[in-house]
1. Net charge near ALA14, counting Lys/Arg +1 and Asp/Glu -1 over other residues with Cβ under 10 Å of its Cβ?
2. What is the dipole size for region 1-69, taken about its Cα centre, with +1 at each Lys and Arg Cβ and -1 at each Asp and Glu Cβ, in debye to the nearest 20?
3. Over the chain, calculate the relative contact order: mean separation of alpha carbon pairs under 8 Å at least 6 apart, over the residue count, as a percent.
4. Could you give the length gained by full extension between VAL5 and ASN103, i.e. 0.36 nm per residue of separation minus their alpha carbon distance, to one decimal place?
5. Roughly what would the spin-label model give for THR112 and ASP61, points 7 Å off Cα along C-beta, in nm?
6. Dipole magnitude of the chain about its Cα centre, charges +1 at Lys/Arg Cβ and -1 at Asp/Glu Cβ only, in debye to the nearest 20?
7. Residue by residue through region 91-105, what is 3J(HN,Hα) from phi via Karplus (6.51 cos²θ - 1.76 cosθ + 1.60, θ = phi - 60°)? Round to whole Hz and write x for glycine and proline.
Amino acid sequence: QVQLVESGGGLVQAGGSLRLSCATSRSIFSFPAMGWYRQAPGKQRELVARITSRGSTNYADSVKGRFTISRDNAENTVYLQMNMLKPDDTAVYYCNADLGLLNYWGRGTQVTVSS
């Protein structure tokens, strides 16, 4: 069992920045991958960014060049630095731990970007 707790969401104006954190209850050193997903009202949950245990990353096209995912294995935490935020980035952001056969989710943190 893995507990994930997101933090760092909030209300920000367009063009602003936020950094989301995902604290885990277990060491993430061996986790194959961790990621951030988001779900806007009336839309499906979508992948925002993902990072593997080797540090490889991939991003949704809509956030490339603006968002950066990173992981701190010593702190068992994954971060999502979000810059140049747009109103379209408004959503609940969820942290995901991909353990291969099992997936774990946090409860999410709300990000609202005003125009």
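Please treat every number below as a calculation from the coordinates, not as lab data. All values reported here derive from a predicted model rather than from experimental measurement. Note that each Cβ is placed from the backbone with ideal geometry, even for glycine, and that neighbours are counted across all protein chains shown.
1. Net local charge, ALA14 excluded: -1.
2. That gives a dipole near 80 debye.
3. Reported relative contact order: 37 percent.
4. Working: separation 98, 0.36 × 98 = 35.28 nm, distance 1.44 nm.
Gain in length upon complete extension: 33.8 nm.
5. 3.1 nm
6. 80 debye
7. Listing the rounded values in order: 4, 8, 9, 10, 8, 10, 10, 9, 9, x, 7, 10, 10, 10, 10 Hz.
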